Amino acid sequence: MKLLLQWKDVNPYSPSRTGRTPLTLAGSNSHEGVVRLLLGPEDINPDLPDRGYGRAPLWWAAEKGHEGIVKLLLARKDVNPYILESRYGQTPLSWAAGNGHKGIVKLLLGREDVSPDSSSESSRTPLSSTARNGHKGTVKLQLGRQDVNPNLRDTEYGRTPLWWAAGNGHEGTVKLLLERGDVNPDRPSTAGQTPLCLASRSSYEGIVKPLLGGGDANPDMPNKHGRTPLSLAARQGHEGIVKLLLGRKDVNPDTVETTYGQTLLSRAAQMAQVGIVKLLLEREDVNPNSTSKSGQTRVALATQNRHHRVVELLEARTWQLIP
C-alpha cells in the first residue's frame, strides 16, 4: 500500500466497479493501518462518499462498529460527523446507535458539533433507533445526557423511543426509559397506538407491568379504532394482561368497541374465551345481560355458537343478580 501511494499516477480516490473508494472499503472492513496510510496525503478528502450508497468512510466505520477507525477519522478537522448517507438519510450516530455500538456513540456524542437528537430523513432520532433494537447499554448512555429529548417522534409514523421499545418487546429498555421522569408513557403514534396498546396486543406482560406501575400510563386510553388496551389484550386471549388491567379501578370493563359495537364480554362469549369471560364476570360493574349491536344477549351468542361452558358462566352470574 505504501509503495502504491508513492506513485504519482495512483489515484487514492479511484472507486471500484461497485462505486466504493479505497477509504470506504478500508473503513468498513476494519483495516485501521490502511486507513492511516490513506489519510496521510494532505489532499485526501476523508468525507468522499462512495457512488453506490452515498456513504462516507465515517458512516461505514460507525455502522460496522470499527471504533479505532472512527476515532482516526474524527481526529480530522475536515471530517463531517453529521454527514448523511444518500440512500436512507441516516447519520453515523443513528446507525451506530441502532446497532448498539456504545463506544462509537460515546465518541460521537463527545463532539460539540454532534446533536444527540440529530435525526435521519424519517426523523427517527438515534435514541429511537437504539430503543427499537433494545440495546440497553447504548440507551442508558444516551439517556444520561440531559439534552436528549426522549419524547421526540419520527415524522414517518409518529413513534417515540418508548413506542419502539414497547412494540418490540424490549422490557429492559422500557424500564430505562420510564426511569426518566420526563418520558410521556401515553404519547401515541399517528395510527393512534400508545405503548400500552402495543404491549397489551402483543402479550408483553413484562412491559405492561412497568407502564401501569411507575410509568403511570392511562390504562383506558383507546386507539383510533376505539380499542382500549383491555380490549386488545382480550381479543388476543392474553389472560395475564387482562387480569392486570382489570385489577385497575380506572379501567372500564364494559367499553363498547366503536368498530363492531360489541362489549368485551360479548366478543369473549362469542369466541369461547372461557378464561377471559370468567375474569370479566368477576368485576361487579360488568353487565352480563346487556345486548350486542344486533340485539342479542351474551347467553344467546354463546348458545348460538354452542359454547356451553361460557353459557354456564353467564347464567350463573345472571342468577346472582336476581334479588
Between Lys249 and Thr190, what length comes free when the chain is fully extended (0.36 nm per residue of separation minus the Cα-Cα distance, one decimal in nm)? 18.4 nm
First measure r as the distance between the Cβ atoms of Ile83 and Arg180, then evaluate 1/(1 + (r/R0)^6) with R0 = 30 Å and state the FRET efficiency to the nearest 0.05. 0.55
Among the aspartates and glutamates, which fall within straight-line cross-link reach of Lys71, defined as a Cα-Cα distance under 17 Å, with same-chain neighbours fewer than 8 residues apart omitted? Glu32, Asp47, Glu63, Glu112, Asp113
Counted charge near Ile104, where neighbours are those whose Cβ lies closer than 13 Å (Asp, Glu -1; Lys, Arg +1): +3
So what's the net charge close to Asn151: Lys and Arg +1, Asp and Glu -1, counting the other residues with Cβ under 10 Å from its Cβ? +2
For His101, distant residues with modelled amide H under 5 Å away: none
By count of other Cβ within 10 Å, fewest leading, how are Leu127, Leu84 ordered? Leu84, Leu127
Where the centre of each part is set by its Cα atoms, how far does the range 153-211 sit from the range 226-290, in angstrom? 22
For a label point 7 Å from the Cα of Asn151 along Cα→C-beta, name the residues of the range 186-229 whose backbone N is under 13 Å from it. 186-188
With r defined as the distance between the Cβ atoms of Glu42 and Asp285 and R0 fixed at 51 Å, what FRET efficiency is calculated, to the nearest 0.05? 0.05
Provide the descending list of Cα extents for the range 29-149 along its principal axes, expressed in whole angstroms. 40, 25, 25
Mean projection area, nm², convex hull over Cα of the range 162-252: 5.1
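FYI, it's all coordinate maths here, none of it is from the lab. Only a predicted model underlies this, so the values are computations on that prediction, with no experimental measurement involved. Cβ: placed from backbone, ideal geometry, glycine included. Neighbour counts: every protein chain shown.
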